[in-house]
Structure formats: structure tokens, C-alpha cells
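Enquirer: Once you've had a glance at the structure underneath, I'll fire off some questions.
The values are calculated or read from the model by the stated rules, or taken from the named source; none is laboratory data. Bear in mind the structure is a predicted one, so any value in this text is a computation, not a measurement. So basically every Cβ, Gly included, is an ideal-geometry build from the backbone, and we count neighbours across all protein chains shown.
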Amino acid sequence: MPKREDIKKVLLIGSGPITIGQAAEFDFSGSQACRSLKEEGLQVVLVNSNPATIMTDPEMADSVYIEPLDARIVERIIEKERPDGIIAGIGGQTGLNITSELAEMGVFEKYGVRILGTPVDAIKNTEDRELFKETMLSIGEKVPLSRAVHSLKEAEEVVGELGLPLIVRPAYTLGGAGGGIARTKEELLEITERGLRRSRINQVLIEESVLGWAEVEYEVMRDANDSCIVICNMENIDPMGVHTGESAVVAPSQTMTDAEHQMLRSASIKIIRALKIEGGCNIQYALKEGDYRIVEVNPRVSRSSALASKATGYPIARVTAKIAIGMTLDEIINNVTMSTPASFEPALDYVITKIPRWPFDKFTTADKTLTTAMKSTGEIMAIGRTIEESLLKAFKSLDIDSQLGIKRWEEPEIKTLLKTPTSERLFVIFHALERGMPVKEIAELSGINPFFLSKMKNIVDMEKRVRVEELTPEFLREVKRMGFPDSRLAELTGKTRQEISDLRHASGILATFKMVDTCAAEFQAATPYYYSTYEDTCETTPTDRKKILILGAGPIRIGQGIEFDYCTVHAVTALREEGIETHIINNNPETVSTDFDTSDKLFFEPLTMEYVMNVIERERPDGVLVQFGGQTSVNLALPLKKELKRRTDLDTVIMGTDPEDMDLAEDREKFYLLMQKLGVPQPEGGYATSQPEAIEVAQRIGFPVLVRPSYVLGGRAMEIVYDEIDLERYMKEAVRVSPEHPILIDDFLEDACEIDVDAVCDRKDVLIGAIMEHIEEAGIHSGDSACVIPPQSLSPEVLNQVRDYTRKIALGLRVKGLINIQMAEKGGKVFVLEANPRSSRTIPFVSKAVGLPLAKIAAKVIAGHSLKSLGYTDEPKPKHVSIKEVLLPFDKLPGADPVLGPEMKSTGEVMGIDYDFGRAYYKAELAADNLLPLTGKVFLSIREADKPQLVEVAKKLQAAGLELMGTRGTVNYLAQHGVFMDTVKKIHDGSPNVIDMMRRDEVDLIINTPTSKQSRKDGSRIRRAAVDFKVPYITTIQAAVAAADAIETMKNGQELTIKSINEYHKEMGQ
């Protein structure tokens, strides 16, 4: 069946901001789908609210809309663009939910839009838990006993029927959001209440527990001809009870018998046929001694399909898009081999391991146990010839402080941690094996298959041998084959990493590279995609073209998100345009940078010195780029420069800004001296290597002060300290201070306006991409603050100061490439807070707002062009307003207080664009799932310092027809200024208080700014309740002012503008 001739224009819906449970995998699938449809000559219209994605680049589709993913707004885009069809299964859960809503609203009928690929009924039959159960039973498949409930009363009745423990799964939610394991009746009611609010159709499935069974997943593909293939199966190391996104996973499955595999394979094909899913689909099973239950089916491209794509090299999203427009598997060519059709099932001759990356270093109060709801922000994947090698490479890829065998626990604690899974589970198992705990006992406590434990025991036994035996060439080869990194061997033998590396080279023990080819080497692969191991034959042949290696950013975590992958991909694209061969080294299976055709060669490896040097030794690139991969690659800059200098046999250099100059920007003392020399003012500051020093510095500057450790990204352990007692506590709790790692202490500029600048410099000229004004004041991490282009309240004099300092600093640091500078303005005077000569998290937002691809321009500058020769010298002047707003993960992390501070907490971002501030801010809040109400009740409870600004806000809200209420202090203050409203009890004064009202859905917006530590208790309970009951909330006075403006604008009957960014950019050129 060739492609449908009646479809000329297709609408794709993206997945919105990065959040827990929905990370970069949908950018990867969305970008692949866009390219796939354009290859077939179709017009593509794309809608997504997340500017930090490759899929929202203006050239990815014919029209790109960066608009809120809201059914009413998507309807207006359909009305304007008139697409022939829509593909739902590419934008994750968000895409499915919007498609279902539009279908229910009758939008598709009204405008004659056809749903391509998986039909709406199939979505309903998998997402609606009750229908799913009925469908499975009707084809004779087994699901856990269960009941769908719509109220707490119904939930209580289930306990009698099914007993405890029970699993709670809300319908139409992502990453198990709102679900969990209930071991008591109280827990059941608490989780069900949360789940019913999260679910689009207020439905929760309560099912019997299959805790402790093995969890296995199958990735399956079907076309309209009913041809089906199984792409791969994957096995969770953790048993049922831990969400698959939270579990370590291996592929292919390791412990199943062939009979079990054939049984689940047949079931998978039967299920995808019964549901009539067209394209990729993911099926999860619970398996125990030859018996199985179907846990769930995802009728869409999912996190697991991104993993399966990268594990096998089979481009699931690309094929799904082609199936959606009527093509069949035997007509689609597999792009990896270029010779086999997509109907060939992939075969693997290696093992992959996936391990999640959790954000608990940022949320110390959050509950760290792993359950059926996701909490991780990202993941890594490692490839090896054996499980041991794959596991050891996976731990190296995580980019965390703790590595195997370093942390210690006591016996009782070990047993508790083995029983209750937490983010440290694998480390605990490793330590238990080191202490000699038998595999059988660990298996009983943890429910993990003894097969995996015995593989970890092999690693422990090998470490014991390395400690005592001499590292002969034969033994060293054996250890390297198992996957031990040089750094670990150095720790075990008391040598340095360099000594181990030199020992290896002297014995001729060098890494060899193997290709991921989708067919276990049966056919020739045309796409170079490699992993390292220590075998005899190497499958990569270096060319003699000019080539550059780009270091990626590793797993997505708070502080280092998809933005850095965006910059990596842009740098690659720009260099390939120049005819330079590009190589990427990265280990994140969710991203576009690790797609098989993004670069000329892809190395799926840990981002550590040894693995980077292995690639350099083999490929001999002319240069390495370190400024695009966030802090991960920046941390490697200086050590890599030293190592390349030490290795006289290599000619490779680090290109772009010199690592010494990058270090100068990170080293506070050197940077301070440079600023004095350039005549650029900074807040008064100092640094301390001990507690007495810290107190002395703080007294000299005067409280409040901002304290933080040196060399961190995303403001880790950064705090505002108001007095000496607070400072002593910080020194004890937050940081281990040492002469090598001093803490930095700066004057905290209260009520200052923060400013961000992104620029490109070629050492002669400086191109300013944009000046961003932050909406939240200085003191809230720039990654968590909303910001606006162009600035709304800064005077021309201030902006000229900003431009002047930007030029001075970029040239003073001899920047070649990108630089991001943070400044603060107070009383008309501008201070520089910090400069980072590397890509920043605002680059994608700025590029979309002003229409300049800054990362590409930077890569071309690094490759030798001047800004003048590229024609980029003038700062762009947009005619529209762009606002970046952040997405916070509090609803996925029970126990964390939803309040902003100097430490970064957001996981992703959205963008609102329109012609005035009010509408753009309204769109940004809508996109960030924080809808500003135009009718209803607003609750106000504000700290003293913010009350003067509140008067204007309250007047605007009342004029817009909103009802106001608040706590006594706020009510009295506003009454003195002529604004009257109802009083609500404080929480500690009993009921009925604001939390009771939220429970009854009587509050539409909460404005609560945190006060000093004492009454923070009340505030934090109000904020936490707002998150749990899904009530929009605001925690800073600046955001309240912006929200009042937005509500006022919307009430004046202003229509929201619906335009593609292609159109906004064209207007700027006029």
C-alpha cells in the first residue's frame, strides 16, 4: 500500500515541557517524524510549547507554532492551517490527551481532519483502564484483577474484594503520575484522591498486586496490512512495584526461557492486532514461573520506545510516521542498513543497560523510595559485550559523585534498603555483596532475580582480585574486558589514572569499537553508531577528512536539561554544513544528538576522560568542542587539555574558548581581578575556606549574603543567609568546605532586577543575541525565573550599560563561541554576577524569540569564520514579546515544598509569544499548566515586605471581576488602602481554612509569598496543598504583578494571537 494520496498536510502535536515521566524522548521521536514525513513530500504543521526542542526549530516543519498545548488553541491552529490529517502517537501522553479532547469536542469532524495511524478508539481502549481490561479479557488475555473507581467511597469497597496491597493507576496520566502502591486503607484513600484529580476523566483503576513478579516489556510495530514485528524485548532488573521508568533495564531480556519469550511474543502480536494500533506500541508484562499478566499497553511512541530505538538502531518514530500516512513495513527501508526493509526484526549481539538519574540531590525532603509513579528526570544507556561491562559503563555514565563500592551502610540499614527500593538500590546491593551477604538472601529481600545479582557478584570478586594480584598484561586485559574503568583500577591499586592508562598502552591493550547495526552483523550497516569494548577486531575505520568531536551533555537532570542537547545538535549541523566530519560522544538514549543520523559517527559512551580519550586515540579528530554539553563537558575541558598536552603522539586540540579562560570565569578570585581591570562593577564578595573566615567575610559585607560552593551548575547547595546562626548551620549542613573547595560569599542584592545576556564572540566582535529581563527578582535561580524578551522595565541607559559590559567581558575572556552573562540592576546601576563562556540553558529560547540560531553561529565562528563574514553583527530587534516560563516538578515529588530560591528546581520550560506582555504571559502560564483564572476566587497571603506592591495587584484583580479572600494580616492591610475582601482562617487556627476550600474546588488561584522561617510552616502547607489539588499558585510578588497585568489584558477582550514562529521571524526581517 503506497502512501495515501488524499493527505497533503499533516499536523503533529509535541509533548510540551520536560517533566518527570516525559523527558527528551518525545523531541527525538517528534523530530524523526517531521523528517520522515517531509521525505515523503508532505507539508508538516507542528505545535509544541517547549522552545528547548529541535522539533520547534523553524526549519523542522513548514509551520511551527510555539503555543500552549491546550485543545482550544490547537483548534484555532487547525482552523487556520486546515491540515488533512493529525498524528497523535508522537507527542507522548500530552499528544494523546489533546487528540482525544479535540475528538470529543467534534473539531476533527468540523474541519475534516482525519486521525492518521492509531485510531481514537485504540487510544480509548488502552487509556481508559476499564475499557482496556474488557478488551484484553475479550481476546482471552490475562490482566490483574481490578476495578475502575470514580470516588473515594467506591475505592473503599475494593479493599474487601481484592485485599491489600493494591496498585492505583489513574487513567490518561503519564509516568504513573498520581498513582502508587497502597499497603493500608489510609494510603489507598490518599493516593486515590490524588489520582482522581490527575486523571483527565476522573477515573482510577485499583488492581490486585503482582508485586515481586518480573517485569518485561515488548516493543511491537504494526502496519495497516496487519503485518507485525517485534523490535526487541527488555527486562527490568527491579521486579514489579517499581515503575519501569524508575528501574534499571537490560535488553535483550536475560532470564526468560525460550518458551516464555515465544509466549509473550505471540501475546504481543495478538494484542497489537486486537487494538488495531498502527505504528509503534509498548506492552508491559508481569511474569512469574511461566504465567503472565498484561500490566499496560502504550499505543504510542514512549520512553521505552526511545530506549528500544537506541538499543537496536531501529528508528521506531520514523517508521511510525510513515505507517501513519499509509505505507507498509515492507515498503519502508531501514535507514541503518540502507538495504533491508523495516519488516526485518532487529537482532542484538551486545547487552544494553539503562539506569535512571534522580533529582534527590536537589530535593532533600522529598520521599526517595521508588514506586509505581516516576520520580527520575532522565536516564543513561550503556552498551557492552557482557552484562558486567554494560553495568560498569552505565555507572560511569550517570555523572554522579557516588560510584560502586564507595558508600558504606550498616547491616540493619542494608536490609531495610534492600526491602524498600530507593534511588541507591544498586549501590546497596553492591555493598551487601562486598560484605559477603549471600546472593540468595539479597534475592529474597529485594525480589531481584539471582541471575543479575550473580553478575554483580562477579564484579565484586574481580575487585577483590585487583586489590591483591599484580596487574600483569593478561590480567589487565581480563579486567578491562569486564568493563572496569582506569579510574576505578587506580583507586583499587593505589596508582594514578595516568599510570594505569600508560600501563595499558605499554601492553597494547586498547579499546576497540563495535558497530550497532540492527542485524547482529548479518548485513552491512551504512550508519556508523559505535560502542567501545576490549576485543581484538575494531569495526571503525577513521577517514582522513577534517573532523571534530563534540562532547554531549549526558543524562537530563535539573540544571542540565534538553537545552544543552539542542546546542550540541546545532553545533553538529553547522559543522556538517561546512563539510567537516562530525563525531558525537554521548550516553543519553532520549535525545536527538544520539539519533543514528545526526552526526557522521556516534559513540555511545560515558563522558569521562578515559572514554573520550579512547575515541580521540582511534579517530584522531582535529579538534574537540567542549562548550556545548553543559557542565558535564565543561568539567572535562581543563583535564582534557592537560591530557592532550601530555600525549605527544596526538595532534588533537580543544577548539573555541581556551579552557584556561573558561577556568578564569569559574575561578572567583581571577574573575574578580579581571572585572576590576575592565572597570565592571560586581556585588561585594569574598570566599572562605573555613567557618571563622566565612563569618568574617559576611560581617564585612553585611547580611543578607548569598553563599554557595565554587564550581557548580544549577545553583547546587546555594542559599540566601540572613544572620550568623544561619551561616553556621549552612557551613555544617550544606557543604564540606576545604582549601581546594572554598565557599563563595556575595552581598545579596535585595529587590534587584536580574538580567541575562546570551552572546557570541569571535575575539573581535560581539553579537548580542538578546537581553532578557527576569520577572522574579535576583535571589531566585535564573533557571527557575520567568524571563522576557525584549526587557519591559529597564531604561535605555541600563540597557546600554548591559551591552557595554557584555562586550568588555566577552573580549576580556577571549571568548571564541558562546557566552552567557548574568547581571543585576539596582537603582539604575548594573552589577555583573557571573559569566559562563559556554552554551547556556537560554540559548534555544533566545534563538526562537529573535530568529537567530546562536549555537550554529557559534560553531561556525569556532570553525574559523568571523561574525562580519557571516553577516551577523547587529543585535536583533523583535516586534513581539516572548516569555519563558518554567515547569516545576513538585506534583511528582511528594514532600517537597513548592517554593523558589537560589537553587534550581525546574525540569523544563515553555514559551509564550504575542504582541504585548499581558497576552504573552497569559500564554506562558497556560502552557506551564498554571492557568490564570478570568473568573472565580483568588486567595492572598503575603509577607510584610511585599504588601505595598500588593495593593495595585488586588485592585486590578477586583476590577477584572475576581473575588478576593485572604488571611487576616493581608485583609487588614488592603482594607487600609481601600480594597475590601473576605477573611479566611490560617491553617493553625483550625477549619474551615484555605486547604479545606481547595479540597472543595473553591479556590482558582493562590498567591502566597513565603515569609521568614517561622510562619513558613503554614505557607508551605498551603503551597503543597495547591500542588496536590492542582490549584494554580504564585509564590513571588513579581509574578503576581505580571499575572494581574495578564488577567487585565485578557479581560479587556484581547484575542490571543495565533501565528507560527516562521511568521514572527519574517516580520522582524521587514
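Enquirer: Scan THR527, THR568, THR518, THR512 and give me the residue that is touching a Gly at 6+ places or on another chain (Cβ under 8 Å), at pLDDT 95 or above, surrounded by 14 or more Cβ atoms within 10 Å (Cβ to Cβ) and under 29 Å from ALA251 (Cβ atoms).
Expert: THR568 is the lone residue from the list that is touching a Gly at 6+ places or on another chain (Cβ under 8 Å), at pLDDT 95 or above, surrounded by 14 or more Cβ atoms within 10 Å (Cβ to Cβ) and under 29 Å from ALA251 (Cβ atoms).
Enquirer: Are there any pairs, at least 6 apart or on different chains, whose C-beta atoms fall under 6 Å, with the first in the stretch 863-877 and small (Gly, Ala, Ser) and the second outside any loop (DSSP other than H, G, I, E, B), and if so, which?
Expert: Listed pairs, sorted by first residue: SER866/ASP762.
Enquirer: Got a sec? Which of SER847, SER795 is touching a residue at least 40 places away in the same chain (Cβ under 8 Å), polar (S, T, N, Q) and out of contact with any Asp or Glu (no Cβ under 7 Å at 6 or more places or on another chain)?
Expert: So the residue among SER847, SER795 that is touching a residue at least 40 places away in the same chain (Cβ under 8 Å), polar (S, T, N, Q) and out of contact with any Asp or Glu (no Cβ under 7 Å at 6 or more places or on another chain) is SER847.
Enquirer: Give the residue that is nearest to ASP84 (Cα to Cα), with candidates limited to residues of the stretch 20-32 that are touching a Lys or Arg at 6+ places or on another chain (Cβ under 7 Å) and either at pLDDT 90 or above or of a type in the set (Val, Ile, Thr) (or both).
Expert: It comes out as GLN32.
Quick grid of which residues meet (1) buried (at least 24 other Cβ atoms within 10 Å of the Cβ); (2) among the aliphatic types (A, V, I, L, M); (3) within 23 Å of the chain's Cα centre (by Cα):
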{"site": "SER304", "(1), (2), (3)": "yes, no, yes"}
{"site": "PRO315", "(1), (2), (3)": "yes, no, yes"}
{"site": "GLY326", "(1), (2), (3)": "no, no, no"}
{"site": "THR372", "(1), (2), (3)": "no, no, yes"}
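Enquirer: Which condition number does ASN48 fail, the rest of (1) more than 18 Å from SER882 (Cα to Cα); (2) modelled with pLDDT of 95 or more being met?
Expert: Failing condition for ASN48: (1).
Enquirer: Would it be correct to say that GLU101 is in contact with a Lys or Arg (Cβ under 9 Å, 6 or more places away or on another chain), surrounded by fewer than 19 Cβ atoms within 10 Å (Cβ to Cβ) and closer than 30 Å to THR591 by Cβ?
Expert: Yes, satisfied.
Enquirer: Can you confirm whether the stretch 825-846 contains a residue that is aliphatic (A, V, I, L, M), part of a helix (DSSP H, G or I) and at pLDDT 95 or above?
Expert: yes
Enquirer: Something else now. Taking MET482, is it under 32 Å from the mean Cα position of the chain (by Cα) and at pLDDT 95 or above?
Expert: Here the answer is yes, as MET482 does meet what is asked.
Enquirer: State yes or no: is ILE771 β-branched (Val, Ile, Thr), part of a strand (DSSP E or B) and either in contact with a helix residue (DSSP H, G or I) (Cβ under 6 Å, 6 or more places away or on another chain) or buried (at least 24 other Cβ atoms within 10 Å of the Cβ) (or both)?
Expert: Yes; evaluated as a whole, the condition is true for this residue.
Enquirer: If I filter the stretch 352-365 for residues that are over 22 Å from LEU426 (Cβ atoms), surrounded by 19 or more Cβ atoms within 10 Å (Cβ to Cβ), of a type in the set (Ser, Thr, Tyr) and under 28 Å from the mean Cα position of the chain (by Cα), do I get at least one hit?
Expert: No, every residue in the stretch 352-365 fails to be over 22 Å from LEU426 (Cβ atoms), surrounded by 19 or more Cβ atoms within 10 Å (Cβ to Cβ), of a type in the set (Ser, Thr, Tyr) and under 28 Å from the mean Cα position of the chain (by Cα).
Enquirer: What are the residues in the stretch 692-709 that are over 26 Å from PRO639 (Cβ atoms) and either within 36 Å of the chain's Cα centre (by Cα) or surrounded by 15 or more Cβ atoms within 10 Å (Cβ to Cβ) (or both), if any?
Expert: GLU693, ALA694, ILE695, VAL697, ALA698, ILE701, PHE703, PRO704, VAL705, LEU706, VAL707
Enquirer: Is it true that GLU278 is acidic (Asp, Glu) and free of Cβ contacts under 8 Å to residues at least 12 places away in the same chain?
Expert: no
Enquirer: Tell me the residue from GLU1055, GLU1067, GLU1048 that is free of Cβ contacts under 8 Å to residues at least 12 places away in the same chain, under 30 Å from SER847 (Cα atoms), surrounded by fewer than 19 Cβ atoms within 10 Å (Cβ to Cβ) and not basic (Lys, Arg), please.
Expert: Residue meeting the stated conditions: GLU1055.
Enquirer: If a residue counts only when it is under 30 Å from the mean Cα position of the chain (by Cα) and under 27 Å from LEU813 (Cβ atoms), which strands (runs of 3 or more DSSP E) contained entirely in the stretch 573-691 have at least 2 such residues?
Expert: Filter on the stretch 573-691 gives 581-586, 623-625, 653-655.
Enquirer: Can you tell me which of THR512, THR582 is more than 30 Å from LYS905 (Cα to Cα) and touching a Cys at 6+ places or on another chain (Cβ under 6 Å)?
Expert: Going through THR512, THR582 in turn, the sole match is THR512.
Enquirer: Same structure, new question: Can SER36 be described as of a type in the set (Gly, Ala, Ser), touching a residue at least 24 places away in the same chain (Cβ under 8 Å) and under 18 Å from TYR1064 (Cα atoms)?
Expert: no
Enquirer: Follow-up question, since we're still on this one. Of the residues that make up the stretch 430-442, is at least one assigned to a loop (DSSP other than H, G, I, E, B) and among the acidic types (Asp, Glu)?
Expert: Checking the stretch 430-442: not a single residue is assigned to a loop (DSSP other than H, G, I, E, B) and among the acidic types (Asp, Glu).
Enquirer: When you scan the stretch 192-234, how many residues do you find that are among the acidic types (Asp, Glu), surrounded by 22 or more Cβ atoms within 10 Å (Cβ to Cβ) and under 29 Å from the mean Cα position of the chain (by Cα)?
Expert: So the answer is 3.
Enquirer: Next question. Please return the ranges of helices (runs of 4 or more DSSP H) entirely within the stretch 301-406 where 3 or more residues are out of contact with any Asp or Glu (no Cβ under 8 Å at 6 or more places or on another chain) and among the hydrophobic types (A, V, I, L, M, F, W, C).
Expert: 316-324, 387-397
Enquirer: Only one residue in ASP929, ASP946 is at negative phi, of a type in the set (D, E, K, R) and buried (at least 17 other Cβ atoms within 10 Å of the Cβ), so which one is that?
Expert: Result of the check over ASP929, ASP946: ASP946.
Enquirer: I've got another one for you. Could you look through the stretch 256-283, keep only residues that are modelled with pLDDT under 95 and touching a helix residue (DSSP H, G or I) at 6+ places or on another chain (Cβ under 6 Å), and pick out the one that is nearest to ALA214 (Cα to Cα)?
Expert: ASN282
Enquirer: In the set VAL612, VAL634, which member is buried (at least 23 other Cβ atoms within 10 Å of the Cβ) and within 16 Å of VAL653 (Cβ to Cβ)?
Expert: VAL612
Enquirer: Something else now. Looking at ILE913, ILE843, ILE862, ILE883 in this structure, which one is buried (at least 23 other Cβ atoms within 10 Å of the Cβ), in contact with a Phe, Trp or Tyr (Cβ under 6 Å, 6 or more places away or on another chain) and β-branched (Val, Ile, Thr)?
Expert: ILE883
Enquirer: When only residues in the stretch 896-916 that are assigned to a loop (DSSP other than H, G, I, E, B) and small (Gly, Ala, Ser) count, which is modelled with the highest pLDDT?
Expert: Per the criteria, the residue is SER906.
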